[in-house]
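First comes the structure, then the notes that go with it.
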Amino acid sequence: MFLLKTSKENWIASFFKSSDKYFYLMKKADYVITCTPYLNRIAKEYNSRTIDISSTVDTEKYYLKNFNYSNRQIVIGWSGSYSTGPYIKLIEKVIQYVVPEYNLKLLVIGAKKKYIRGINYELISWRSETEVEDLQKIDIGLYPLPNEEWVYGKSGLKAIQFMALGIPVVASAIGANHRVIDNGVDGYLVKDINQWIDSIKILCNNHAKRKEMGENAREKVIKRFSIHANKNKYLKVFDDTFKNKL
């Protein structure tokens, strides 16, 4: 992104980034598509023809999770990448408390190493071939984010992926998460350690609540964040662009 932020885990990317190229491309583009209101406001400074379309998922590929628990251990989980792996450490104290307190299993997908101390948990690599299958092992999604400008450009895709599978998510109350999640309806938006713990506790102690919120989440994704729900927005961009070329 134009802020040129790179993590230590992805340091090589810094060699290929230049803010000038982003602004140049915005100015020269026939149309600019962004994925958050924050990015859209910036794009409009360089091009009047912009549109904000959230990240989307294929809800046929991301199908509803089977909620047949059979009294098994509840799994809380995080999914990301090498560069975002450190984000899980933002809620280290939360995880260190809830895992033993509620006898939970923690599954972390895509991080380079284990960032949570004092807890035995499963760390697996992200693979496109098994992404949906791996995510469906999770009962409660975790989506912690730091309060920094870089995050305002993130579209909440990880939350959307959880929600598309019918998995309720507990997420930091920041940026695009506010338009992805309705607090208490299809997930929880939290601001501090106590809200993280309380939200996870509610979902751990109430299977019916997890199922209801997950179904609400899935319904919202189908209506607002699916490929099908947004295809006409993309088609309109192409139509408008071609018309202006005539």
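General remarks:
- Low-density loop positions, trypsin sites (Lys or Arg not before Pro), segment 183-246 - DSSP coil, at most 14 other Cβ in 10 Å: K191
- Crossing angle, helix 193-205 versus the chain [Cα axis fit, 0-90 degrees, rounded to tens]: 60
- The mean sequence distance of close C-alpha pairs (under 8 Å, at least 6 residues apart), as a share of the length of segment 129-172, puts its relative contact order at 52 percent.
- Counting neighbouring Cβ atoms within 10 Å and putting the fewest first, the residues M26, M163, M213 line up as M26, M213, M163.
- Segment 214-246 and segment 34-95 have Cα centres spaced 18 Å apart.
- Given their separation in residues at 0.36 nm each and the Cα-Cα distance between them, Q73 and F238 gain 54.6 nm when the chain is fully extended.
- Excluding same-chain neighbours fewer than eight residues apart, the aspartates and glutamates reachable from K191 by a Cα-Cα span under 19 Å are E92, E148, E149, D182.
- Dipole size of the chain about its Cα centre, with +1 on Lys/Arg Cβ and -1 on Asp/Glu Cβ: approximately 420 debye, rounded to the nearest 20.
- The ellipsoid equivalent to the alpha-carbon distribution of segment 162-238 has semi-axes of 27, 15, 6 angstrom, derived from the gyration tensor eigenvalues as √(5λ) and listed largest first.
- In this rough spin-label picture, where each label sits 7 Å from Cα along the Cβ direction, the K137-A229 distance is 2.8 nm.
- For the residue pairs K105/K209; K158/K201; K27/K220; K21/K61; K209/K231; K44/K245, the alpha carbons lie more than 26 Å apart in K27/K220; K21/K61; K209/K231.
- Percentage of interatomic Cα-Cα distances in segment 75-224 larger than 27 Å: 12
- Rounded to the nearest 500, the 222 nm mean residue ellipticity of the chain from helices alone is -11000 deg cm²/dmol, with -39,500 (n - 2.57) taken per DSSP H run of at least 4 residues.
- Scanning the chain for GluC sites (Glu not before Pro) lying in DSSP loops with no more than 11 further Cβ atoms inside 10 Å, the longest uninterrupted stretch between such sites is 149-246.
Since every read-out is calculated from the coordinates, none of them should be taken as a lab result. Keep in mind that what you see is a predicted model, and the values were worked out from it rather than measured. Note that each Cβ is placed from the backbone with ideal geometry, even for glycine, and that neighbours are counted across all protein chains shown.
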